[in-house]
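**Q** The structure that follows is given in the form of structure tokens.
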Amino acid sequence: MSNESTEKVHVLIIGSGPAGYTAAIYAARANMKPVLYQGIQPGGQLTITTEVENYPGYPDGIQGPEMMVHFEKQAARMGADIRYGLATKVDFSKQPYKVEIDEEKWIEADAVIISTGASAKWLGIESEERLNGFGVSACAVCDGFFFRGKEVAIVGAGDTAAEEAMYLAKLCTNVHMIVRRDQMRASKVMQDRVINTPNIKIYWDSVTDEIVGENKVESVKIKNTKTNEIEQVPISGFFVAIGHQPNSDIFKEWIDMDETGYIKTIPGTSKTNIEGVFAAGDVQDKNYRQAVTAAGSGCMAALDAERYLSAKGLV
């Protein structure tokens, strides 16, 4: 590791969703001169969301990508150094901590805020990708409202899928739930609720063959894996609830995580098992996963980092 390619910063923020940008706003205002690397998807999951109606302060709603532009501009105006680049490796063995960017340059940082988010898992079929944002969504709580009084389908069998099916059932006329096996993975109590909800129809042993529609979702072809029969059901919205994958791989060697890769933080804080390394947003939150909660945890991470650096006499 040659010195020419190493740069020293106070606070390094990895990731650029609501958590990363909020951390940058607070850190910059506290004169911590934060450097933020935007990662592979600048703006995070909100850049693949169309209408955002549940973020406070936007009475008429706002498009997800536009909202992330606002966040970025605000962080830049406060003095955050925002850069395009991907963290590819870390070394948290000793301070200052080292983070490799784009496999070519190393940054040394007194404190690191991890806000790399999570990515929704998708089915991987062409029609799902093509209609993503045009009736296909991975977040019923975010987008269910747009399908009030309409028919929708949801695919998944875990607790999240069951919760989202229940949520959709309150808004939509009928919910068609596609379950791959002859039973659900969801807890017994959640399964019972779903099964006993009159406007949820469960398709057991079934997979999504195709989502039909040109520029909006019109119907779904549901294939029974036992009989190979295909049923075409008219719907307006299609929800994928087969889980999320936290973007935490490069930290595995150093940071404590749960079995699915979500970073563990000390409850009520953004602190990880390594002092001076903080985590915010969806990379450590598998429970709420909302823009507003991510922003809140980004604020916590910046405040925790400021207290940590000031106790060390570094700011």
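The values are calculated or read from the model by the stated rules, or taken from the named source; none is laboratory data. Predicted, not measured: the structure shown is a model, and the values here were computed from it. Neighbour counts are summed over all protein chains in view; Cβ atoms, including those assigned to glycine, are modelled from backbone coordinates with ideal geometry.
**Q** Among the residues of region 221-252, write down those that are among the charged types (D, E, K, R) and without any contact (Cβ under 8 Å) to a residue 12 or more places away in the chain.
**A** Residues satisfying the conditions are GLU229, LYS252.
**Q** Quick one: in region 46-64, of everything that is within 19 Å of GLN74 (Cα to Cα) and assigned to a helix (DSSP H, G or I), which residue is modelled with the lowest pLDDT?
**A** Top of the filtered list is THR47.
**Q** Here's another thing I want to ask about it. Within region 175-190, track down each residue that is closer than 9 Å to ALA157 by Cα and not in a loop (DSSP other than H, G, I, E, B).
**A** MET177, ILE178 - these are the residues of region 175-190 that are closer than 9 Å to ALA157 by Cα and not in a loop (DSSP other than H, G, I, E, B).
**Q** Please state which one of GLN45, GLN38, GLN63, GLN95 is surrounded by fewer than 17 Cβ atoms within 10 Å (Cβ to Cβ), outside the structural domain of ALA140 (by TED's automatic domain parsing) and either within 20 Å of the chain's Cα centre (by Cα) or under 18 Å from GLY296 (Cβ atoms) (or both).
**A** Among GLN45, GLN38, GLN63, GLN95, only GLN63 is surrounded by fewer than 17 Cβ atoms within 10 Å (Cβ to Cβ), outside the structural domain of ALA140 (by TED's automatic domain parsing) and either within 20 Å of the chain's Cα centre (by Cα) or under 18 Å from GLY296 (Cβ atoms) (or both).
**Q** Of the residues that make up region 30-41, is at least one at negative phi, modelled with pLDDT under 95 and part of a loop (DSSP other than H, G, I, E, B)? Explain how you work it out, then say what you get.
**A** Of the residues in region 30-41, the ones at negative phi are 30, 32, 34-38, 40-41.
Then drop every residue that is not modelled with pLDDT under 95, which leaves 40-41.
Within this subset, residues satisfying the condition of being part of a loop (DSSP other than H, G, I, E, B) are 40-41.
Scanning region 30-41, I find at least one residue that is at negative phi, modelled with pLDDT under 95 and part of a loop (DSSP other than H, G, I, E, B), so the answer is yes.
**Q** Hey, another quick one. Counting only residues that are of a type outside the set (S, T, N, Q), farther than 27 Å from ALA23 by Cα and not in a helix (DSSP H, G or I), how many does region 111-157 have?
**A** Residues meeting the conditions: 19.
**Q** Count, please, the residues in region 161-195 that happen to be surrounded by fewer than 21 Cβ atoms within 10 Å (Cβ to Cβ), closer than 24 Å to PHE146 by Cβ, in contact with a helix residue (DSSP H, G or I) (Cβ under 9 Å, 6 or more places away or on another chain) and not charged (D, E, K, R).
**A** 3
**Q** Cβ contacts < 7 Å: first residue closer than 20 Å to LEU123 by Cβ, restricted to region 183-212; second residue part of a loop (DSSP other than H, G, I, E, B) and polar (S, T, N, Q), any location; separation 6+ or different chain. Result?
**A** From region 183-212, the pairs are ASP205/THR225; SER206/THR225; VAL207/THR225.
**Q** Output the strands (runs of 3 or more DSSP E) that fall wholly within region 204-315 and possess 2 or more residues being within 23 Å of ALA109 (Cα to Cα) and under 25 Å from the mean Cα position of the chain (by Cα), or say none.
**A** 277-279
**Q** Quick test for you: out of ILE40, ILE48, ILE14, pick the one residue that is over 22 Å from LYS89 (Cα atoms) and in contact (Cβ under 8 Å) with a residue 40 or more places away in the chain.
**A** ILE48
**Q** Look at region 174-190 and say how many of its residues are of a type in the set (S, T, N, Q), at pLDDT below 95 and either more than 25 Å from the chain's Cα centre (by Cα) or closer than 23 Å to LYS221 by Cα (or both). Give the steps one after another, and end with the answer.
**A** The initial filter retains those residues of region 174-190 that are of a type in the set (S, T, N, Q), namely 174, 183, 187.
Those left that are additionally at pLDDT below 95: 183, 187.
Narrowing the set further to residues that are either more than 25 Å from the chain's Cα centre (by Cα) or closer than 23 Å to LYS221 by Cα (or both) leaves 183.
Residues flagged as of a type in the set (S, T, N, Q), at pLDDT below 95 and either more than 25 Å from the chain's Cα centre (by Cα) or closer than 23 Å to LYS221 by Cα (or both) within region 174-190 amount to 1.
**Q** Looking for whichever is in contact (Cβ under 8 Å) with a residue 12 or more places away in the chain and out of contact with any Lys or Arg (no Cβ under 6 Å at 6 or more places or on another chain) here; the options are LYS105, LYS94. Which one fits?
**A** LYS105
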